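Enquirer: Mind looking over this structure? Questions follow.
The values are calculated or read from the model by the stated rules, or taken from the named source; none is laboratory data. Keep in mind that what you see is a predicted model, and the values were worked out from it rather than measured. For neighbour counting, all protein chains shown are included, and Cβ atoms are generated from backbone atoms with ideal geometry for every residue, glycine included.
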Amino acid sequence: MAQQLQLPDGQTIAYLLDLRVRKTIGLKITAQGLVVHAPKRISSKQLQQVLLQKAGWIQQKLALRAANQVAPMQWVDGEPLLFMGQDITLSLIRHPTSKAVALEGSQLVVRSPHIGNQAWVARKVLHWYTQQALPDFSRRVQLVAAQMGEKVTSVALSNARSRWGSCNSRKQIRLNWRLIQAPPHIIQYVVCHEMAHLREMNHSGRFYAVLESLFAKHLSAEKEMKALSSILHRMA
Ligand SMILES: [Zn+2]
């Protein structure tokens, strides 16, 4: 249930109260904001006291969360997009018959009679991204395979929510199409990571030795990748 915490300085913090069979009070910051798990029998006075003690922590966490939040995608004219690490702008131009999508300079131009239909625009733009992704990823995979003296059975795109790539024992490589938004060295890093799995199907020291031979700066790339993740997932 939705609750309000009144702070001494007059501010209020909205939170969700979840009463459970438990002994302690647990606080969590989620996409919905503050969630408080509390024992069923707690009095509102006791709860208030604990929350007031933790008010500093709560405010700090909420502020951090707000600062890191990526604005949800709007499929409208002027929306900022990312393509191979470049900032580009979605440009919607009403056209009676065309349904073309094309990168023109730093603008991704969609000409269509349906530019007011966000779902339609989203489909067209996502399709364009996947069309750019597959040839780019395939070329990278083939080059790394040649360098390793390995053969890959197939390269396909994935739409996974949490994984950037995968490699199985049949030597099939799958890469998340959202990666095409990332700078080329990040794409290359993920490709090398999956290719290293052709030799080692694990994350052992031997795996990292193979990865290092393919992509020396894999540690900093991994960090960059983590930081980029929420931005790349802006595209549903
Ligand atoms: Zn891996």
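Enquirer: Regarding L214, is this residue in contact (Cβ under 8 Å) with a residue 24 or more places away in the chain, more than 28 Å from P80 (Cβ to Cβ) and either away from the ligand (no atom under 12 Å from the Cβ) or assigned by TED's automatic domain parsing to the domain that holds S106 (or both)?
Expert: Here the answer is yes, as L214 does meet what is asked.
Enquirer: Right, another one. Tally the residues that are closer than 16 Å to L134 by Cβ, assigned to a loop (DSSP other than H, G, I, E, B) and within 16 Å of the ligand (Cβ to nearest atom), restricting the search to region 145-171.
Expert: Summing the residues that are closer than 16 Å to L134 by Cβ, assigned to a loop (DSSP other than H, G, I, E, B) and within 16 Å of the ligand (Cβ to nearest atom) in region 145-171 gives 3.
Enquirer: How about region 159-183: which of its residues are over 23 Å from S220 (Cβ atoms) and of a type in the set (K, R)?
Expert: If the condition is that a residue be over 23 Å from S220 (Cβ atoms) and of a type in the set (K, R), then R161, R170, K171, R174 are the ones that fit.
Enquirer: Next question. When both residues are 6+ apart or on different chains and their Cβ atoms are under 7 Å apart, which pairs have a first residue that lies in region 118-131 and is of a type outside the set (K, R), and a second that is part of a helix (DSSP H, G or I)?
Expert: Sorted first by the residue in region 118-131, then by its partner, the pairs are Y129/W177; Y129/I180; T130/W177.
Enquirer: Restrict the check to region 175-182 and report whether at least one residue is away from the ligand (no atom under 15 Å from the Cβ), under 19 Å from L211 (Cα atoms) and either in contact (Cβ under 8 Å) with a residue 40 or more places away in the chain or outside the structural domain of G85 (by TED's automatic domain parsing) (or both).
Expert: No, the conditions are met nowhere in region 175-182.
Enquirer: Another question, if that's okay. Taking strands (runs of 3 or more DSSP E) that fall entirely within region 15-120, which contain at least 3 residues that are out of contact with any Gly (no Cβ under 6 Å at 6 or more places or on another chain) and closer than 28 Å to A133 by Cβ?
Expert: Fully inside region 15-120 and qualifying: 80-83, 86-94, 100-104, 107-112.
Enquirer: Based on what the data block shows, is V190 within 14 Å of the ligand (Cβ to nearest atom), within 16 Å of the chain's Cα centre (by Cα), in a helix (DSSP H, G or I) and touching a residue at least 12 places away in the same chain (Cβ under 8 Å)?
Expert: Yes: the conditions hold for V190.
Enquirer: Now a separate question. Between a first residue in region 61-78 that is within 30 Å of L92 (Cβ to Cβ) and a second residue that is of a type in the set (A, V, I, L, M), which pairs have beta carbons less than 6 Å apart while being 6 or more apart in sequence or on different chains?
Expert: Short answer, once both residue conditions are applied: V70/I231; W75/V121; W75/A122; D77/L92.
Enquirer: Name the residues in region 13-48 that are of a type in the set (S, T, N, Q) and surrounded by 11 or more Cβ atoms within 10 Å (Cβ to Cβ), would you?
Expert: Listed by number, the residues that qualify are Q32, Q46, Q48.
Enquirer: Right, next: Among the residues of region 218-233, is any more than 25 Å from Q132 (Cα to Cα) and touching a helix residue (DSSP H, G or I) at 6+ places or on another chain (Cβ under 6 Å)?
Expert: no
Enquirer: Please find, within region 193-207, the residue that is surrounded by the fewest Cβ atoms within 10 Å (Cβ to Cβ) out of those that are within 10 Å of the ligand (Cβ to nearest atom) and part of a helix (DSSP H, G or I).
Expert: Going through the qualifying residues, I end up with F207.
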